[in-house]
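Trainee: I have a structure here, written as structure tokens, and I will follow up with some questions on it.
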Amino acid sequence: MKDVMIHGDLWSANLMWKKTPKGFQLGRIIDFQLAHFGCAAEDLTRLLISTLSGKDRREHWESLLEKFHSYLVKYCDGEPPYTVEQLKESYRRFFPLAGAFILPIMDPVAKIGARKVAANEKDAILQTLHEKTQALFEDMLHFTKRNREVRKTAKP
């Protein structure tokens, strides 16, 4: 799998949205100080963990990576730097580390965001945070165990 230019810290807090008549649209991506050549799964794993509910992430991560890869194929001049299967495998392998980066900041970020929310909506935010956190812990353990088994059976 070839390295590609990645953001290095792509998560929900580094996405700036603008309001349009049709809803919200991505306005800009900020904080490129960790940009480097690496594996696209670094950015995509953090992005999916930070922006989706646990349920949505679990149900859609593969189709979202497939869609991302289809855009990559469309815009590459020639052979893409990796296959969709390599991208999915990289996601599986990177997931525990990405979760470890995101987990400590989920609660503080949610609490800051909840300050501007009406009191009657705060319970829903806390329930969503709880669901995301529980799913993240479970999936970090799942992928850690899975990755350990893959390493055991990998040919040297």
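Trainee: Taking segment 35-55 on its own, how many of its residues are of a type in the set (A, V, I, L, M, F, W, C) and loosely packed, with under 14 Cβ neighbours inside 10 Å?
Mentor: Summing the residues that are of a type in the set (A, V, I, L, M, F, W, C) and loosely packed, with under 14 Cβ neighbours inside 10 Å in segment 35-55 gives 1.
Trainee: Pick from segment 67-104 the residues that are among the acidic types (D, E) and surrounded by fewer than 14 Cβ atoms within 10 Å (Cβ to Cβ): which of them is modelled with the highest pLDDT?
Mentor: Ranking the candidates gives E85 first.
Trainee: Any idea which of (1) surrounded by 15 or more Cβ atoms within 10 Å (Cβ to Cβ); (2) out of contact with any Gly (no Cβ under 9 Å at 6 or more places or on another chain); (3) modelled with pLDDT under 95; (4) not charged (D, E, K, R) is the one F24 doesn't satisfy?
Mentor: It is condition (1) that F24 fails.
Trainee: Sticking with this structure for a sec: Scan segment 12-21 residue by residue and report those that are loosely packed, with under 13 Cβ neighbours inside 10 Å and either assigned to a strand (DSSP E or B) or modelled with pLDDT of 95 or more (or both).
Mentor: Matches in segment 12-21: M16, W17, K18, K19, T20.
Trainee: Can you tell me how many residues in segment 98-156 are without any contact (Cβ under 8 Å) to a residue 40 or more places away in the chain, closer than 29 Å to G38 by Cα and among the basic types (K, R)?
Mentor: Number satisfying all stated conditions: 5.
Trainee: Only one of (1) in a loop (DSSP other than H, G, I, E, B); (2) more than 24 Å from P108 (Cα to Cα) is not met by D31, so which one is it?
Mentor: If we test D31 against (1) in a loop (DSSP other than H, G, I, E, B); (2) more than 24 Å from P108 (Cα to Cα), just (2) comes out false.
Trainee: Do we find that D9 is in contact with an Asp or Glu (Cβ under 9 Å, 6 or more places away or on another chain), surrounded by 15 or more Cβ atoms within 10 Å (Cβ to Cβ) and not in a loop (DSSP other than H, G, I, E, B) in this structure?
Mentor: Details: in contact with an Asp or Glu (Cβ under 9 Å, 6 or more places away or on another chain): yes; surrounded by 15 or more Cβ atoms within 10 Å (Cβ to Cβ): yes; not in a loop (DSSP other than H, G, I, E, B): no.
No.
The values are calculated or read from the model by the stated rules, or taken from the named source; none is laboratory data. From a predicted model like this one, the values you see are computed outputs, not experimental measurements. Glycine also receives a Cβ, built like all others from the backbone with ideal geometry; neighbour counts cover every protein chain displayed.
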